[in-house]
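Heads up, the thing below is written out as structure tokens.
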Amino acid sequence: MTTPLGPAAVYFLCLATSALCAGLLLRAFLASRSKLLLWTALAFVFLALNNLFLVGDLVVFPDVDLWPWRQAASVAAIAVLLYGFIWESER
């Protein structure tokens, strides 16, 4: 079974967007050294990893189930972001 071109393009665009956001946030962190930018950049790294697993799961390897890896990356992104928000609110 092949994946239609439309959804595959959306998956790749989501991957590119989250990776670009992670890169821009990391660049902003290196310029300003704001810890909140670091936590947000790390969250977007995990979201990009989640999108990479999504592309792998639904487009590249449709017979392989990567759902647990996708969920783990999502939980890691949310956990890092929440930790960063809580850590920065205490300062």
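The values are calculated or read from the model by the stated rules, or taken from the named source; none is laboratory data. From a predicted model like this one, the values you see are computed outputs, not experimental measurements. When we count neighbours, we look across all protein chains shown, and the Cβ atoms used for this are built from the backbone with ideal geometry, even at glycine. When the accessible area is computed, the model is the full protein with side chains, heavy atoms only, and any ligands, DNA or RNA have been set aside. Shrake-Rupley method; radii C 1.70, N 1.55, O 1.52, S 1.80 Å.
Here are the numbers for this structure:
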| read-out | value |
| --- | --- |
| Of all accessible heavy-atom area on the chain, the percent that carbon and sulfur account for (1.4 Å) | 75 |
| Added length on full extension, which subtracts the Cα-Cα distance from 0.36 nm per residue, residue 90 to residue 30 | 19.4 nm |
| Rounded if a/c under 1.5, otherwise prolate or oblate - region 1-68, Cα gyration tensor axes | prolate |
| Per residue accessible area in Å² of the chain, where ligands, DNA and RNA are left out and the probe is 1.4 Å | 67 |
| Computed [θ] at 222 nm, deg cm²/dmol, the chain (DSSP H ≥ 4; -39,500 (n - 2.57); rounded to nearest 500) | -28000 deg cm²/dmol |
| Of the trypsin sites (Lys or Arg not before Pro) in region 14-67, those whose Cβ has at most 14 other Cβ within 10 Å and which sit in DSSP loop | 33 |
